[in-house]
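Undergrad: Could you have a look at this structure, given as structure tokens, before my questions?
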Amino acid sequence: MSSKVRLQGTMRINDKGHLEIGGCDVVDLAASLGTPLYILDEALLRQNCRRYYQAFTGQNENDLVLYASKAFLVLAMARIIQDEGLGLDVVSGGELAIALTAGFPAEKIFLHGNNKSAAEIRYALRCGVGRIVVDNYYELELVERICGEMALKAAILLRIAPGIEAHSHSYISTGQVDSKFGFTMENGDALRAVKKALASPHFELKGVHCHIGSQILELEAFRLAGRVMMDFLAEARQRTGWTAEELDLGGGLGVYYSEGDDPPTIEEYARAVKESVADKCREHAFPRPRIIVEPGRSIVSPAGTTVYTIGSMKDIPGIRKYVAVDGGMTDNPRPALYQAKYEGIIANKAAEEAAEVVSITGRCCESGDMLIWDLPVPRVEAGDLLAIFSTGAYNYSMSSNYNALLRPAVVLVLDGKADVIVERETWGDLIRNHRLPERLL
Ligand SMILES: Cc1ncc(COP(=O)(O)O)c(C=O)c1O
Ligand SMILES: N[C@@H](CCCC[NH3+])C(=O)O
């Protein structure tokens, strides 16, 4: 094989020496659908959903797994998530619209966000979403006012910043005190918010929420979150008499991207979360709340692969060989944003031994548009196909049209069938919303 990489899910190298996913030859997919191309392994995606369902709802039927839409949400994805019995966490009117258009049951949708607009809140309440997760005082008042206007009572959770430092990239750590998200526990804001919510006739306060960060590879951070949040609920009960029914611990479980990443399994994560809550329930004689989790990355990331065509190369002898592909930070901004590391192989030479080390660069006019540094590959030439692994999360959903590049298609593969679930953009799509004022005609 061209480099030591982990083949996940249904990936294999076929008799032609090509990478195959979901029974589909990646070289054929690239020929018929073009590149860059996002490929989604439906079997692995469903397997991850089932493992989460089994580890939580399967053990306690009241517990709930919400898939975090921000990782990747399109109509087909919403259908798969619904099929697998999970709920959805959405963070905008747009994500909510995708979910509802796919026919997702509103009561299994939780609306998140640190600055929801009044229109989004009205839309969510009108559709009957399951919960609104209120992030701050401004929102608490806004949601209350809108409920008053609509003459209804909203089932809410309060997002709390529990003051936990998760060991992840600072841009994706969210639970620490200095964070834009949630009511701060440390300075008493969280408890004041509970009192305020309880005093309102427009709220049914179901519980609390926290999310300490993303791509977390250590269970201890999750255990700590469970314990800290349960201590908070116990204190809130003591001070107000209110017994929370729900504890939403957010998402955050990391995945394997490259050598050195050693994530806990979904089952280990579930055990850690549930045990930390159970221990504290015993300590405080607190009735076990419904546990809710919101995984995004760990469900969809490993199921995604991006395929690119190799074009130009620049060899600087003794320094580095740059190999350019037909995508880059527009379809995968994570290396540029978080110094994220990925693995990949040459899909049409997947059985060949590595012969050189190259650095994969994107085609954007930015020196920072690097996808992989120092990747061992067989001898590569223009026209070869590079497959980069674990791109299912925060790639399509964070893609852009920088340099007027087009967003790739997304194809869902299963048992030799390949279905396009998102069409490749066209130049027409790029220009559709542009307007020329009269005086420029
Ligand atoms: C509130 C909330 N829930 C869930 C998630 C999903 O996180 P992850 O993809 O790391 O599981 C996020 C994103 O980090 C989030 O902000
Ligand atoms: N976008 C981030 C994850 C942040 C999720 C939202 N809190 C990533 O690609 O790793």
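Undergrad: With a cut-off of 17 Å, note down the residues of the range 182-225 whose backbone N falls inside the zone around a label point 7 Å from the Cα of residue 115 toward its beta carbon.
TA: Taking a point 7 Å out along Cα→Cβ of residue 115, the residues of the range 182-225 whose backbone N falls under 17 Å are 182-183.
Undergrad: With Rg and the Kirkwood Rh both taken from Cα atoms, where does Rg over Rh land for the chain?
TA: Rounded to two decimals, Rg over Rh is 1.01.
Undergrad: Check cross-link reach from residue 180 to the aspartates and glutamates: straight Cα distance under 13 Å, and skip same-chain residues fewer than eight apart.
TA: 135
Undergrad: Using θ = phi - 60° and the Karplus curve 6.51 cos²θ - 1.76 cosθ + 1.60, what whole-Hz ³J(HN,Hα) does each residue of the range 409-426 get, with Gly and Pro shown as x?
TA: With coefficients 6.51, -1.76 and 1.60, one gets 6, 10, 10, 9, 10, 7, 6, x, 9, 10, 10, 6, 9, 9, 6, 5, 5, 10 Hz.
Undergrad: Hey, with R₀ at 45 Å, roughly what FRET efficiency would residue 374 and residue 285 work out to, going by the Cβ-Cβ distance, to 0.05?
TA: According to the calculation, E is roughly 0.20.
Undergrad: Expected output is a single nm value to one decimal: the length gained when fully extending between residue 436 and residue 352, i.e. 0.36 nm times separation in residues minus the C-alpha distance. What is it?
TA: Full-extension gain reported as 25.0 nm.
Undergrad: Just want the ordering: 363, 271, from fewest to most Cβ atoms lying within 10 Å of their own Cβ.
TA: Result, fewest neighbours first: 271, 363.
Undergrad: Sticking with the crude label model, points 7 Å out along Cα→Cβ, report the distance from residue 14 to residue 258 in nm, one decimal please.
TA: 2.9 nm
Undergrad: Please arrange 398, 329 by how many other C-beta atoms lie within 10 Å of their C-beta, fewest to most.
TA: 398, 329
Undergrad: Follow-up. At a Förster distance of 25 Å, what's the computed FRET efficiency of residue 192 paired with residue 153, Cβ-Cβ distance as r, to 0.05?
TA: 0.75
Undergrad: Enter the angle in degrees (range 0 to 90, nearest 10) between the Cα long axis of helix 137-150 and the first principal axis of the Cα atoms of the chain, meaning the one along which they spread out most.
TA: 70 degrees
Undergrad: Taking the Cα atoms only, what angle lies between the long axis of helix 118-127 and the longest principal axis of the chain, rounded to 10 degrees?
TA: 80 degrees
Undergrad: Let me ask something additional. Which order do 309, 243, 101 fall in if you start with the one that has the fewest other Cβ atoms within 10 Å?
TA: So the residues, fewest neighbours to most, are 101, 243, 309.
Undergrad: Need the list of lysines near residue 321 for cross-linking: C-alpha distance under 26 angstrom, and skip anything on the same chain fewer than eight residues off.
TA: Of all the lysines, those that pass the test against residue 321 - Cα under 26 Å, at least 8 places apart if same chain - are 4, 341, 349.
Undergrad: I would also like to ask the following. If amide H atoms are built 1.01 Å from N in the plane of the peptide, which residues on other chains or at least 5 residues away come under 5 Å of the amide H of residue 412?
TA: 40, 419, 420, 421
Undergrad: Over the chain, what is the mean sequence separation of C-alpha contacts under 8 Å (at least six apart), divided by residue count, expressed as relative contact order in percent?
TA: 21 percent
Undergrad: In nanometres, what is the gap between the two model label sites at residue 43 and residue 180, each 7 Å from Cα along Cα-to-Cβ?
TA: The two pseudo-label positions are separated by 4.1 nm.
Undergrad: Along the three principal axes, how long is the range 251-404 when you take its alpha carbons, biggest first, rounded to the nearest angstrom?
TA: 67, 36, 26
Undergrad: Residue 141 to residue 315: extension gain in nm, 0.36 nm per residue of separation minus the Cα-Cα distance?
TA: Stretched out fully, the residue 141 to residue 315 stretch lengthens by 56.7 nm.
Undergrad: Going by the alpha-carbon gyration tensor, a ≥ b ≥ c the square roots of its eigenvalues, is the range 112-295 rounded (a/c under 1.5) or, if a/c is not under 1.5, prolate (a/b greater than b/c) versus oblate?
TA: prolate
Undergrad: For the range 347-356, take each phi angle, set θ = phi - 60°, evaluate the Karplus expression 6.51 cos²θ - 1.76 cosθ + 1.60, and give the result in whole Hz per residue in order, putting x for glycine and proline.
TA: Going residue by residue, I get 5, 8, 9, 5, 9, 7, 6, 5, 10, 8 Hz, with x marking Gly and Pro.
Undergrad: Here's a follow-up. Go ahead and collect, in residue order, the members of the range 249-275 whose backbone nitrogen is under 15 Å from a label point 7 Å along the Cα-Cβ direction of residue 223.
TA: What the label zone holds, given the 15 Å backbone N cut-off, is 264-265, 268-275.
Undergrad: Can you list the residues, at least 5 places off or on another chain, whose amide H is less than 5 Å from the amide H of residue 203, using H built in the peptide plane?
TA: Correct list: 154.
Undergrad: Give me the percent relative contact order of the range 112-295, please, defined on Cα pairs under 8 angstrom at least 6 residues apart.
TA: 19 percent
Undergrad: I need the peptides 39-45, 248-254, 351-357 ranked by packing, meaning the mean over residues of other C-beta atoms within 10 angstrom, with the highest value on top.
TA: In decreasing order of mean packing, 39-45, 248-254, 351-357 become 248-254, 39-45, 351-357.
Undergrad: Given Cα pairs under 8 Å that are at least 6 residues apart, what percent is the relative contact order of the range 221-334?
TA: 27 percent
Undergrad: Compute the projected area of the convex hull of the Cα atoms of the range 191-269, averaged over all viewing directions, and report it in nm² to one decimal place.
TA: For the range 191-269, the mean projected area of the Cα convex hull comes to 6.1 nm².
Undergrad: For every helix of n ≥ 4 consecutive DSSP H residues, a contribution of -39,500 (n - 2.57) applies; sum these over the chain, divide by its total residues, and give [θ] at 222 nm rounded to the nearest 500 deg cm²/dmol.
TA: When only DSSP H runs of four or more count, the value is -9000 deg cm²/dmol.
Undergrad: Of all trypsin sites (Lys or Arg not before Pro) in the range 3-85, which ones are in loop regions per DSSP and have a Cβ with at most 15 other Cβ atoms within 10 Å?
TA: Answer in residue order: 4, 6, 16.
Undergrad: Measure nothing but the geometry: give the 0 to 90° angle between the long axis through the Cα atoms of 266-284 and the longest principal axis through the Cα atoms of the chain, rounded to 10°.
TA: For 266-284 against the chain, the angle is about 20 degrees.
Undergrad: Also, quick follow-up: Add +1 for every Lys or Arg and -1 for every Asp or Glu among the other residues with Cβ under 12 Å from the Cβ of residue 407, and state the total.
TA: Once positives and negatives cancel, what remains is -3.
Bear in mind that the values in this text are calculations on the coordinates, not laboratory data. Predicted model only: the values in this text are computed from it and were never measured. Positions of Cβ are backbone-derived with ideal geometry, glycine not excepted, and every protein chain shown enters the neighbour counts.
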